[in-house]
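The values are calculated or read from the model by the stated rules, or taken from the named source; none is laboratory data. As the structure is a computational prediction, the values presented were derived from the model and not from experiment. Here the Cβ is made from the backbone with ideal geometry for all residues, glycine too, and neighbour counts use every protein chain on show. Protein only, heavy atoms only, side chains kept; ligands, DNA and RNA dropped before computing areas. Shrake-Rupley method; radii C 1.70, N 1.55, O 1.52, S 1.80 Å.
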Amino acid sequence: MNKLVRSLVVATAGVALVGLSACGTGGNGNGDTTQAPTTKTGGAALEKFDPCTFFQSADLTSWGLPEQGKDFSPVSFEPGCRWQGEKMSLTFQKNVDETVASYEQSGNWERFDKKTIGGRSAAIATVPGGGSTGGCNVLVDAGGGVVIYGVSGRMADSVNACAEAEKIVDQTASRLPK
């Protein structure tokens, strides 16, 4: 039971850190807190996209997950859902203001491996401490913003989270908004 609780706590903390990494403190790293001008890229195609209805029932059941997800929005600017199965949980969120590239710059990552998935910029990312419970995120540019797939094991070492996340992304990324 202790491993289950620890796994869920670290997985949830990892996903929350993905969202909070976008907040930053501003400044240029030299003690100057003056904010540089930014332009909001705004994911127009992603605005109306609902992460909770994206996956097909057959997809979810083939991954050992229930068909119905639950709201999972640890931060308001990354709405999404979570599906919890016997071996793993899957979170799926969107952020209309960020991209894979901006997360690379603003995040606190233990691993951030850039790649192309389905012709889109993507990255496989883990947060410090997430490795022991199998927590892994795959960020994919979509609709002018980014979607975040997160997989974590229900128990330590119950799944290879990055392999599972990549499999899920490979099967579904072509359906994401352009």
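Could you check, for the range 72-89, whether at least one of its residues is of a type in the set (S, T, N, Q), modelled with pLDDT under 95, closer than 21 Å to D50 by Cβ and in a loop (DSSP other than H, G, I, E, B)?
Checking the range 72-89: at least one residue is of a type in the set (S, T, N, Q), modelled with pLDDT under 95, closer than 21 Å to D50 by Cβ and in a loop (DSSP other than H, G, I, E, B).
Please work out which one of (1) among the hydroxyl-bearing types (S, T, Y); (2) buried (at least 19 other Cβ atoms within 10 Å of the Cβ); (3) in contact with a helix residue (DSSP H, G or I) (Cβ under 7 Å, 6 or more places away or on another chain) is the condition T126 fails and give its number.
For T126, the failing item is (3).
Kindly evaluate V159 against the criterion of being open to solvent by less than 50 Å² (accessible area, probe 1.4 Å), among the β-branched types (V, I, T) and assigned to a strand (DSSP E or B). Explain how you work it out, then say what you get.
Values: open to solvent by less than 50 Å² (accessible area, probe 1.4 Å): yes; among the β-branched types (V, I, T): yes; assigned to a strand (DSSP E or B): no.
No.
Against the definition (open to solvent by less than 20 Å² (accessible area, probe 1.4 Å) and outside any helix (DSSP H, G or I)), how does L60 come out, yes or no?
Numbers: open to solvent by less than 20 Å² (accessible area, probe 1.4 Å): yes; outside any helix (DSSP H, G or I): no.
When the stated conditions are applied, L60 does not pass them.
Scan the range 51-68 for residues that are free of Cβ contacts under 8 Å to residues at least 24 places away in the same chain and acidic (D, E) and jot them down.
E67
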